[in-house]
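The values are calculated or read from the model by the stated rules, or taken from the named source; none is laboratory data. Note that the structure is a prediction, hence the values are computed from the model and not measured. Cβ: placed from backbone, ideal geometry, glycine included. Neighbour counts: every protein chain shown. Heads up: the accessible areas ignore ligands, DNA and RNA and are worked out on the full protein's heavy atoms, side chains in. Shrake-Rupley method; radii C 1.70, N 1.55, O 1.52, S 1.80 Å.
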Amino acid sequence: MARSGTALIILGVLVISAAVVIDLIRTGALQLQAAQILVMELGALLIALGLLLRQISAKSKPEEKHAASFTKWLGDIPMSTWVLAGFLVTYISFFIAPMFFGLPPRMQYFNKYLPDRFPVGHDLLLTVDLIRQWFESNQSPFHVEFYPPFTYIFLSPLVLIEDTHTLFKVVTLMTIISFIISSLLIALLIDGQKNKALIFTFFAMGLFSYGMQFELERGQINVLAFLFSMSAVYIYHRHHDFRRYAYLLFSIAIQLKIYPAIFVVMFIRDWRDWKGNLRRFLALGLFNFALLFITGVQPFKDFLEAITTQLSKPGWAWTGNHSIRAFVSELAENDGFGLVSTGALEAIRQNAGTISNAFLAVFILCFLSTLIRAYQRNQAAFDPVLFLVCVLGALIVPISNDYTLSILPAPMALALSVLATNRYGKSKPAAIILLLAAATAFSATLYPFKYKPLFLQNLFPALFIVLISVTLLNWMIQIPREDAAAAEA
């Protein structure tokens, strides 16, 4: 295995070198295009696999078998996997294909089921067009979008697919595969298959959910960024020896969508080790800051200007934006959804900023209290409640359209698998009410706003109810005395 790893490393270096040398020979200067970047990404993948194989080989005993036979591996797969495989075949054939892959390239399955745009994959096509303009005419993409510069480099191989409908199909299938891996396979591994039924149920709901369909229709990459985040957290906690790969995957997620940065608190095993944790956070912060210069100083300045403008004057205040600011804006502009008096409505309009800050303060309080609870337990294991609170923060603090709801099912399932099976003692009646509130509020996110009353169309209240409910439930759980004593030791 060590020799195979070395061979992959050498091959990866040769592939990257060839991409650079060919470009120098062809143009006489280093002007990397999408094809060369694709080759370099493949070379980097080979090097990463080679390093992984070498590390596994170094930690394996000589007498260990490195891989089981294919027949044994096939026989060890749970029978329920094949049931799910059959479900996925029909899901892609009879749901995804007719909904998104038909002609003309527009969502045809339901009539205005969600706010679709023509042609299908609007956000994907816009991003790829901006990448093409950047590469061909050096036109900055930051006058339209505010993704980190790495995003455009990472996605640049997509410009090689000239047919836009084929491009959309490729990204759609990539998103579905990413969802299967992150929201089912990794979720089962993190949960330890303790609550398989719950994981499978939330996975199935997520596949058909409004947020997932919206993600696919727009051609967004939130599920892909979440896959990197989930993989990083899983590797860090369950395969700690390979934590450097976790840091790399986590950094890719940040450079794709920014908001995964909140997951940095998941990279803690010893909550008492303040110095070690701070050093880790600082190193990750510096590394990700350096990545912002991956395309040079001027693109970094353009990105910084774009993100500053967006933070100071956030747009996209519509029903499908469930961020705090968007909800307060909707509340003021839609006459308080008909739920408040004229005087109260005027007060809301005059104090919109203060109300937004109050909601933000509540989130920060919930976030800090969850951190304190994790510190009290001081367990090295993955904390599903903290993970869910981080996801909720990523959904309600920055600009967040409803397609980002596609990342919610797995964290929700993992958190509920813990919250629904713990001891609450005399607080059990209150815990039942909070669990019911959290489950009902989450299920409200599965459906589009078209079929809801006006005051329930924006999903911020539902997400806020989930946040409050799981935070309270987390504090109501009775910590066994032996665990409490171990944490204090």
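So Ala420 ticks every box in (1) modelled with pLDDT under 95; (2) open to solvent by less than 50 Å² (accessible area, probe 1.4 Å) but one. Which box is left unticked?
Going through the list (1) modelled with pLDDT under 95; (2) open to solvent by less than 50 Å² (accessible area, probe 1.4 Å), Ala420 breaks only (2).
Write out, first by first residue and then by second, each pair whose Cβ atoms fall under 6 Å of each other, whose residues are 6+ apart or on separate chains, and whose first residue, in the stretch 297-309, is over 15 Å from Ile153 (Cβ atoms) while the second is open to solvent by 30 Å² or more (accessible area, probe 1.4 Å) and outside any helix (DSSP H, G or I).
Ala306/Phe146; Ile307/Phe146
Find all pairs meeting these conditions: Cβ atoms under 9 angstrom apart; at least six residues apart or on different chains; first residue within the stretch 333-354 and among the polar types (S, T, N, Q); second residue open to solvent by 50 Å² or more (accessible area, probe 1.4 Å) and assigned to a helix (DSSP H, G or I).
Asn334/Leu454; Asn334/Phe455; Thr342/Asp335
State which residue is farthest from Gly393 (Cα to Cα) when the search covers only the stretch 363-376 and only residues that are open to solvent by 40 Å² or more (accessible area, probe 1.4 Å) and touching a residue at least 40 places away in the same chain (Cβ under 8 Å).
Only one residue fits best here, namely Gln376.
Just to be sure I understand, how many residues within the stretch 186-204 are buried (at least 17 other Cβ atoms within 10 Å of the Cβ) and assigned to a helix (DSSP H, G or I)?
Within the stretch 186-204, residues that are buried (at least 17 other Cβ atoms within 10 Å of the Cβ) and assigned to a helix (DSSP H, G or I) number 10.
Only one of these conditions is not met by Ile268: (1) touching a Gly at 6+ places or on another chain (Cβ under 7 Å); (2) of a type in the set (A, V, I, L, M); (3) outside any helix (DSSP H, G or I). Which number is it?
(1)
Looking only at residues in the stretch 273-286 that are under 18 Å from Arg244 (Cβ atoms) and basic (Lys, Arg), which one is least open to solvent (accessible area, probe 1.4 Å)?
Arg280
Report yes if some residue within the stretch 386-406 is more than 14 Å from the chain's Cα centre (by Cα), more than 16 Å from Ala326 (Cβ to Cβ) and part of a helix (DSSP H, G or I); otherwise report no.
Yes.
Can you name every residue in the stretch 427-466 that is outside any helix (DSSP H, G or I), open to solvent by 50 Å² or more (accessible area, probe 1.4 Å) and among the hydroxyl-bearing types (Ser, Thr, Tyr)?
Passing the criteria: only Tyr447.
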